[in-house]
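Novice: Below is one structure. I have some questions about it.
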Amino acid sequence: MRDSSIGSADGAAGSVTAVAAEARAADPALDALQTEEYTLNLGPQHPSTHGVYHAKLRLNGESIVGCENVIGYLHRGMEKLAESRTYAQFAPYTARFDYLAGVLNNWGYAMALEKLGGIAVPERAEYIRVIVAELQRIASHLVMLSSMVIDLNAVTGWMYAFTAREGILDLLEAVSGSRMNLNYIVAGGVTEDLPEEFEAKVKRTFEDLHARLDDFDRLVSGNEIFLGRTRGIGVIESGQALEYGMTGPNLRASGVDLDLRKDAPYGIYDKLDFDVPVLRGGDSFDRYHIRLLEIHESVRLVEEAMAGLPQGPVRTKLPKAWKPAAGEVFEQIESARGIQGYHIVSDGSAKPYRMHLRSPSFVNIGVLPELAPGLTIQDFVATLASLDIVLGEIDR
Amino acid sequence: MRDGQDILKALGRGSAGPAGAGSADGDGPAGAARTAIAAARELAVRPSELVEVLASLKGLGDFVLIDIDAVDRPEGFDVAYRLLDRGGEGPAGIFTVKARADRSDPRLPSVMSIWKAADVMEREVWDLMGVVFEGRTGLKRILCKDDFEGHPLRKDYILVRTPRFPVREELRPAEGAEGGQR
Amino acid sequence: MQTLNDLFLIVASFFRGIMGSLGFPPLLTDAVMGLVSFVAVAALVTVNIIVILWVDRRVASFFQERLGPNRVGPFGLLQSVNDAAKLIGKESIMPAAADKRVYKLAPVIIFTVTMILYGFLPYGRGMSPVNMNAGLLFFIALSSTSTIAILMAGWGSNNKYSLLGGMRTVAQVISYEIPLAFSMLGVVMLSGSLNLGQISEAQRGIWFVFLQPLAFFIFLVSALAELARSPFDMTEAEQELIAGYHTEYTGMRFALFFMAEYANLFCVAALGATLFLGGWSGPILPGYIWFIGKTWFMVLVILWLRWTFPRARIDKMMKFNWKFLIPLSILNILLTGVGIKLYQYFTTVGR
């Protein structure tokens with residue numbers, strides 16, 4: 001299908017096309033040389049598109065002159081499915097949106113239901129939610145770090161971060177029985193209390209995590225080749241990021257201090273003391289580095305929450321076919337990739353009238369058609385990896 | 001839900017003011033708008049006023065377009081534009097601007113020129129709900145395949161009862177059996 | 001000890017003696033001995049490929065804190081045999097629009113070239129299958145022809161990714177041949193010969209790596225680029241170009257590319273060992289043991305580099321070559337020349 005929205009960039013000064021045009025004008029022999037731009041499909045089956053993502057690239061040699069996102073390969077019709085499931089039945093589906101940060105999706109959904117039905121959450125549950133959610137955030141960021149370095153072929157770095165992630169997944173399994181796609185945070189609290197000896201396990205895991213992150217950092221962050229591949233590549237200015245509605249670590253790496261955990265606190269985040277890292281550069285290296293810093297902040301949050309954990313019940317149970325009052329609610333949380341929002345419209349029956357997910361990755365990829373021209377294929381791969389997208393939540 | 005008129009009046013109809021002007025202090029037209037906005041969390045506007053209102057809001061600064069979302073109601077498509085209000089004291093909150101598009105011929109002006117984020121969001125609403133956004137290029141399907149017919153998230157979209165692919169006779173659902181929808 | 005050192009030479013002369021007593025004309029004897037060397041070299045290539053495959057995977061896993069193949073045979077030693085058998089058994093699918101002759105010829109050329117190169121290596125004193133006076137020159141010249149094979153693979157596959165891989169390879173390999181050759185020039189100046197056997201001979205006093213550390217470094221970097229090994233493996237960058245020039249190859253044709261890569265690795269490592277680490281010179285142990293040992297040391301260093309570093313960007317790699325490596329290698333030649341003159345001056349003054 002011909003598509004006019006790709007277009008060929010007329011070349012900002014200094015770009016490949018501009019330089020080529022100048023060279024042509026200067027030398028008639030070169031002008032007679034036939035070259036053409038070609039279209040390369042990056043994906044949907046591709047080792048580094050982080051899922052079934054398809055970028056239609058228009059290339060001049062190795063430089064991109066046009067980029068178009070094509071998504072929808074993983075569209076499962078979840079929003080339509082939600083209209084024929086009860087609220088409790090749909091809860092496990094939510095973890096499959098952003099499958100790398102399952103519990104964070106659950107939390108957003110649970111918060112939306114709690115607001116809809118005016119349900120109170122016990123305090124112990126709120127603390128446990130923070131603990132498990134931040135552990136999930138660490139696991140998600142570790143995936144981003146590993147997949148970014150393996151896209152640049154630092155295979156050993158990938159293995160180190162993934163092994164660190166295994167420790168976190170063991171913790172999540174101890175809590176809920178499932179390594180990914182935990183259905184642990186539900187409306188009214190959490191499904192079960194923390195297991196015994198959890199604090200000791202967390203302590204051991206974090207020691208291991210710090211050691212491995214240290215190894216990873218020393219292997220990758222200072223490496224000349226890695227810096228050459230990521231510094232100054234894919235720079236997103238803060239104004240541009242806000243224009244495109246970007247949120248999360250990508251936005252904070254561009255210099256905008258926006259984190260819902262601080263700016264619109266939910267749960268007990270207002271009681272916890274933590275920092276939000278903000279970097280100024282907006283390039284791929286900053287987007288990589290900020291996640292490394294955020295892992296350390298999440299560790300701090302977990303330790304703080306564990307220290308302040310009160311006693312008490314962990315769940316306000318809801319009936320299986322719970323019927324909330326008719327109404328509409330939009331609740332948002334700071335997910336690992338940005339602001340994730342749930343819009344639920346209830347008509348008073350046991351099944352939602354409309355369920356919509358505001359997906360951070362879906363909005364984040366909007367910047368690529370503007371960002372890609374001027375990059376080479378290799379840079380595009382690095383930039384895409386640094387944006388940390390998950391196709392499950394893009395396509396729903 | 002407040003009418004767009006008084007907020008537009010507060011914003012100074014037609015004059016949005018420089019970006020970021022409103023967030024500083026509480027006086028002047030921008031300040032009055034801010035107070036009005038802080039009071040209401042939601043605003044219903046007519047489709048014709050939509051672009052103006054959103055442009056004025058953007059002109060105040062501190063608003064980020066978070067989501068565009070449509071609900072298929074019997075009266076029409078309720079399209080909600082959610083903005084994150086970062087300015088002002090207190091926690092950041094969601095400010096929603098709602099517009100209703102006719103059921104029979106749902107059309108709304110596009111806000112892509114105001115926020116580039118609206119591009120993918122409007123395409124999704126067009127794809128799944130069928131609301132046409134006018135005044136923009138490239139309104140095409142984003143999640144469903146390009147030659148898909150129909151708009152799946154509409155309430156009157158019939159989910160197919162018989163399989164599209166060849167299925168053995170004994171596995172076909174009985175005729176007239178209820179599909180999966182309500 | 002001397003017997004052990006000359007073991008293969010003794011066996012070879014034994015065969016010659018038999019053929020002479022059977023009344024073979026000299027030409028026929030030479031032909032038969034040539035055939036025997038060919039078989040020996042082919043066996044060496046095959047065994048090396050199998051061993052390097054296993055070592056690569058085990059070493060990689062130890063770097064990455066995992067176990068690696070350890071099920072098939074003791075310590076996973078038969079894993080490579082398993083892989084080879086699997087690849088042979090697979091269907092060789094050729095894209096319908098591929099340029100048939102070019103596509104089919106590419107893996108054959110690349111593997112053949114690599115096999116030929118093994119003939120020039122001095123495995124021990126007097127143990128070069130082909131003892132050419134301009135051996136080093138011929139070696140470099142021949143190894144460049146693999147570029148054509150890769151371009152053939154890239155073009156013949158009728159696939160944009162393969163073409164990109166092929167084009168990158170041509171640019172990369174051609175560019176890095178220059179510092180490769182220049183770094184070897186220093187060694188040639190010191191030993192006064194292009195014959196690989198004589199270069200090994202000249203290192204009996206001191207290995208050239210101590211006299212030419214800069215050249216060794218340049219050689220290592222250029223060799224990595226020539227081999228298209230990480231961090232210079234953009235030609236087959238899995239994360240960008242799927243599999244680069246061999247994207248569309250399956251089955252035995254893919255196996256040929258695969259084997260050629262590992263065979264080439266050993267070959268270039270052997271060249272490095274010959275030029276800089278003294279080849280077969282060394283005390284006590286027989287020459288060929290030293291040769292194999294030094295080559296394996298180089299192989300391990302190259303594998304180590306592959307698993308540590310991310311991949312460079314192609315244009316930065318080119319800049320590095322043209323703006324840094326080549327001037328550095330020319331500087332090395334200059335310093336070597338000055339050094340040789342000074343050495344000659346001081347040794348003659350001393351008399």
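The values are calculated or read from the model by the stated rules, or taken from the named source; none is laboratory data. Please read all numbers here as calculations on a predicted model, not as lab measurements. Ideal geometry is used to build each Cβ from the backbone, glycine not excepted, and the neighbour counts take in all protein chains shown.
Novice: Could you please tell me which pairs satisfy a Cβ distance under 6 Å, a separation of 6+ or placement on different chains, a first residue in the range C:58-87 that is within 20 Å of A:Leu219 (Cα to Cα), and a second residue that is of a type in the set (A, V, I, L, M, F, W, C)?
Specialist: C:Val59/C:Leu303; C:Ala60/C:Trp307; C:Ser61/C:Leu67; C:Phe63/C:Trp307; C:Gln64/A:Met159
Novice: Going through the range C:152-172 one residue at a time, which ones are surrounded by fewer than 24 Cβ atoms within 10 Å (Cβ to Cβ), of a type in the set (A, V, I, L, M) and touching a residue at least 60 places away in the same chain (Cβ under 8 Å)?
Specialist: C:Ala171
Novice: Has the range C:9-26 got any residue that is under 29 Å from the mean Cα position of the chain (by Cα), surrounded by 16 or more Cβ atoms within 10 Å (Cβ to Cβ) and modelled with pLDDT under 85?
Specialist: Within the range C:9-26 (the criterion being under 29 Å from the mean Cα position of the chain (by Cα), surrounded by 16 or more Cβ atoms within 10 Å (Cβ to Cβ) and modelled with pLDDT under 85), the answer is yes, since at least one residue qualifies.
Novice: Suppose we keep only residues that are assigned to a helix (DSSP H, G or I), more than 13 Å from every other protein chain (Cβ to nearest Cβ) and of a type in the set (D, E, K, R) within the range B:41-88. Which one would you say is surrounded by the fewest Cβ atoms within 10 Å (Cβ to Cβ)?
Specialist: Ranking the qualifying residues of the range B:41-88, first place goes to B:Glu52.
Novice: Determine whether A:Gly338 is on the phi > 0 side of the Ramachandran plot and either away from chain B (no Cβ under 11 Å) or out of contact with any helix residue (DSSP H, G or I) (no Cβ under 6 Å at 6 or more places or on another chain) (or both).
Specialist: Taking the combined requirement at face value, the residue does not satisfy it.
Novice: Out of the range A:344-396, which residues are in contact with a Ser or Thr (Cβ under 8 Å, 6 or more places away or on another chain) and part of a loop (DSSP other than H, G, I, E, B)?
Specialist: Across the range A:344-396, the qualifying residues are A:Ala350, A:Lys351, A:Pro352, A:Tyr353, A:Ala372, A:Pro373, A:Gly374, A:Leu375, A:Asp388, A:Ile389, A:Val390, A:Arg396.
Novice: For the subset of the range C:173-219 comprising residues that are among the hydroxyl-bearing types (Ser, Thr, Tyr) and in contact (Cβ under 8 Å) with a residue 60 or more places away in the chain, which member is farthest from the other protein chains (Cβ to nearest Cβ)?
Specialist: So the residue we want is C:Ser193.
Novice: Starting from the range A:169-183, take each residue that is closer than 17 Å to A:Tyr93 by Cα and list its partners that are part of a helix (DSSP H, G or I) and of a type in the set (Phe, Trp, Tyr), counting only C-beta distances under 9 angstrom and pairs at least six apart or across chains.
Specialist: Within 9 Å, the pairs are A:Met180/A:Tyr99; A:Asn181/A:Tyr99.
Novice: Could you check A:Lys201 against (1) at pLDDT below 90; (2) surrounded by 14 or more Cβ atoms within 10 Å (Cβ to Cβ) and say which number it fails?
Specialist: It fails just one condition, (1).
Novice: Then there's this: Among the residues in the range A:350-368, are any without any contact (Cβ under 8 Å) to a residue 40 or more places away in the chain, surrounded by fewer than 23 Cβ atoms within 10 Å (Cβ to Cβ) and of a type in the set (Gly, Ala, Ser)?
Specialist: There is no residue in the range A:350-368 that is without any contact (Cβ under 8 Å) to a residue 40 or more places away in the chain, surrounded by fewer than 23 Cβ atoms within 10 Å (Cβ to Cβ) and of a type in the set (Gly, Ala, Ser).
Novice: Now a separate question. Could you list all residues from the range A:167-181 that are in contact with a helix residue (DSSP H, G or I) (Cβ under 9 Å, 6 or more places away or on another chain), in a helix (DSSP H, G or I) and more than 11 Å from A:Val132 (Cβ to Cβ)?
Specialist: Result: A:Gly167, A:Leu169, A:Asp170.
Novice: Report, ordered by the first and then the second residue, all pairs with beta carbons closer than 8 Å, sequence separation of six or more or different chains, a first member in the range A:129-150 that is more than 14 Å from chain C (Cβ to nearest Cβ), and a second member that is among the aromatic types (Phe, Trp, Tyr) and outside any helix (DSSP H, G or I).
Specialist: Short answer, once both residue conditions are applied: A:Val132/A:Tyr184.
Novice: Let me ask another. Is there a residue being in contact (Cβ under 8 Å) with a residue 12 or more places away in the chain, part of a helix (DSSP H, G or I), out of contact with any strand residue (DSSP E or B) (no Cβ under 9 Å at 6 or more places or on another chain) and within 14 Å of chain A (Cβ to nearest Cβ) anywhere in the range C:288-304?
Specialist: Yes, the conditions are met somewhere in the range C:288-304.
Novice: Further, regarding this structure: Go through the range A:356-386 residue by residue and tally those that are more than 10 Å from chain B (Cβ to nearest Cβ) and either small (Gly, Ala, Ser) or farther than 24 Å from A:Arg231 by Cα (or both).
Specialist: Number satisfying all stated conditions: 6.
Novice: Exactly one of (1) among the hydrophobic types (A, V, I, L, M, F, W, C); (2) touching a strand residue (DSSP E or B) at 6+ places or on another chain (Cβ under 8 Å); (3) over 23 Å from A:Val329 (Cβ atoms) is unmet by B:Leu143. Its number?
Specialist: Of everything listed in (1) among the hydrophobic types (A, V, I, L, M, F, W, C); (2) touching a strand residue (DSSP E or B) at 6+ places or on another chain (Cβ under 8 Å); (3) over 23 Å from A:Val329 (Cβ atoms), B:Leu143 misses just condition (2).
Novice: Tell me yes or no: at least one residue of the range C:226-249 is at pLDDT 85 or above and in a helix (DSSP H, G or I).
Specialist: Taking every residue of the range C:226-249 in turn, none turns out to be at pLDDT 85 or above and in a helix (DSSP H, G or I).
Novice: Under the condition of being over 28 Å from the mean Cα position of the chain (by Cα), farther than 19 Å from A:Leu194 by Cβ and in contact (Cβ under 8 Å) with a residue 60 or more places away in the chain, which residue from the range A:295-334 is farthest from the other protein chains (Cβ to nearest Cβ)?
Specialist: Among those that are over 28 Å from the mean Cα position of the chain (by Cα), farther than 19 Å from A:Leu194 by Cβ and in contact (Cβ under 8 Å) with a residue 60 or more places away in the chain, it is A:Leu318.
Novice: Based on what the data block shows, is A:Gly282 touching a Pro at 6+ places or on another chain (Cβ under 6 Å), closer than 30 Å to A:Leu242 by Cα, surrounded by 22 or more Cβ atoms within 10 Å (Cβ to Cβ) and in contact (Cβ under 8 Å) with a residue 24 or more places away in the chain?
Specialist: No.
Novice: Filter the range B:104-131 for residues that are more than 12 Å from chain A (Cβ to nearest Cβ) and exposed (fewer than 15 other Cβ atoms within 10 Å of the Cβ) and give the result.
Specialist: B:Ser104, B:Asp105, B:Arg107
Novice: Among the residues of the range A:253-291, how many are closer than 22 Å to A:Leu371 by Cβ and in a helix (DSSP H, G or I)?
Specialist: Count: 8.
Novice: Looking only at the range A:167-180, filter to residues that are at pLDDT 90 or above and within 19 Å of the chain's Cα centre (by Cα); which one of those is farthest from A:Lys201 (Cα to Cα)?
Specialist: Among those residues, the one meeting the criterion is A:Arg179.
Novice: Name the residue, out of C:Lys316, C:Lys341, that is within 14 Å of chain A (Cβ to nearest Cβ) and either out of contact with any strand residue (DSSP E or B) (no Cβ under 8 Å at 6 or more places or on another chain) or surrounded by 14 or more Cβ atoms within 10 Å (Cβ to Cβ) (or both).
Specialist: Exactly one residue qualifies, and that residue is C:Lys316.
Novice: Of everything in the range A:204-252 that's outside any loop (DSSP other than H, G, I, E, B) and of a type in the set (Asp, Glu), which residue is surrounded by the most Cβ atoms within 10 Å (Cβ to Cβ)?
Specialist: Looking at the filtered set, the residue picked out is A:Glu243.
Novice: So for the range A:223-233 (the condition being under 22 Å from B:Ala92 (Cβ atoms) and in contact with a helix residue (DSSP H, G or I) (Cβ under 7 Å, 6 or more places away or on another chain)), does at least one residue qualify?
Specialist: No, because not a single residue in the range A:223-233 is under 22 Å from B:Ala92 (Cβ atoms) and in contact with a helix residue (DSSP H, G or I) (Cβ under 7 Å, 6 or more places away or on another chain).
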